[in-house]
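Chemist: Before we start, here is the structure in question, set down as structure tokens.
The values are calculated or read from the model by the stated rules, or taken from the named source; none is laboratory data. Remember, it's a predicted structure, so these values are computed and weren't measured experimentally. Using ideal geometry, Cβ is built from the backbone for each residue, glycine included, and neighbour counts are taken over all protein chains shown.
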Amino acid sequence: MSDDEIIEAIIDSENRVIVSKSDLPKSTVSNLDYEMPDEVIRLAELVPELGYEIEMKSWSFFDFELDYERNDNKYFNIDGRKLESSTLKKDEWGNKKDQSIKDKRKKRGPCFKFVYPISYEMSDGSTISGNNRKEIYVQMKEYFKLNGKSKEDRPKLNLPVQILTLDKNKKVQKKEISNIDDLKSLWKYCKRSKGSD
């Protein structure tokens, strides 16, 4: 099978086992450590006889709202070699908008997307803002480098914010998150709907 065929088979498969980092092949861990040294594994799943699908996150010490925008899962074969796709086409919604894809497993991608700019209040009272996830991530990385990392230093998203989601007809909808309860509900929804439409 080609890399593209293995990736598609992994995405299609419902026969999955959640594994820990220590269960992954050493070459897979080495590749992730080299290519994404500042990130950690959020979820690693093994599809027996095919390979692994791995979802990364920005920080180990707290969940970060912007990670729900990500659409960059990594794929490795059963021996730990990184799979490179030449044909897997994803739009910014990870094919969630593609009506022809019937298998829910293929409808991966971000749970929602922010309408930028957005900003965070840091524990020292400073503000970090940006026009995309990368801008904010770079500033936060520098902040934690200077101030140390702890759960108590979790950035607070300044509300209200607007988000983009897809409705049942795959149309983009704009919604407002105006308070912390709305934000918590959104997080619960994203975690509950992981791996489904």
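Chemist: Tell me which residues, restricted to the stretch 65-77, are assigned to a loop (DSSP other than H, G, I, E, B) and touching a residue at least 40 places away in the same chain (Cβ under 8 Å).
Modeler: Pass one, the stretch 65-77, residues assigned to a loop (DSSP other than H, G, I, E, B): 70-73.
The answer is Arg70, and nothing else.
Chemist: If you don't mind, there's one more thing I want to ask. Does Arg192 satisfy the criteria of being out of contact with any Leu (no Cβ under 9 Å at 6 or more places or on another chain), within 30 Å of Asn15 (Cβ to Cβ) and either not assigned by TED's automatic domain parsing to the domain that holds Phe61 or not aromatic (Phe, Trp, Tyr) (or both)?
Modeler: Values: out of contact with any Leu (no Cβ under 9 Å at 6 or more places or on another chain): yes; within 30 Å of Asn15 (Cβ to Cβ): yes; either not assigned by TED's automatic domain parsing to the domain that holds Phe61 or not aromatic (Phe, Trp, Tyr) (or both): yes.
Criteria met by Arg192.
Chemist: Also, quick follow-up: Restricting attention to the stretch 163-190, which residues are of a type in the set (Lys, Arg) and in a strand (DSSP E or B)?
Modeler: In the first step, residues of the stretch 163-190 are kept if they are of a type in the set (Lys, Arg); the result is 168, 170-171, 174-175, 184, 188.
Correct list: Lys174, Lys175.
Chemist: Is it true that Asn158 is exposed (fewer than 13 other Cβ atoms within 10 Å of the Cβ) and either acidic (Asp, Glu) or not assigned by TED's automatic domain parsing to the domain that holds Lys57 (or both)?
Modeler: Spelling it out, it is not the case that Asn158 is exposed (fewer than 13 other Cβ atoms within 10 Å of the Cβ) and either acidic (Asp, Glu) or not assigned by TED's automatic domain parsing to the domain that holds Lys57 (or both).
Chemist: What pairs come up if the first residue lies in the stretch 1-14 and is farther than 18 Å from Ile54 by Cβ, the second is part of a helix (DSSP H, G or I) and at pLDDT 90 or above, and their beta carbons are under 9 Å apart, counting only those six or more places apart or on different chains?
Modeler: The qualifying pairs are Met1/Ala9.
Chemist: Which residues, taken from the stretch 28-64, are outside any strand (DSSP E or B) and touching an Asp or Glu at 6+ places or on another chain (Cβ under 6 Å)? Talk me through it step by step, then tell me what you get.
Modeler: Step one: list which residues in the stretch 28-64 are outside any strand (DSSP E or B), which gives 28-39, 48-50, 58-64.
Residue satisfying the conditions is Ser58 alone.
Chemist: How about the stretch 47-91: which of its residues are under 15 Å from Val17 (Cβ atoms), among the hydrophobic types (A, V, I, L, M, F, W, C) and crowded, with 20+ Cβ neighbours inside 10 Å?
Modeler: Selection gives Val47, Leu50, Ile54, Phe76.
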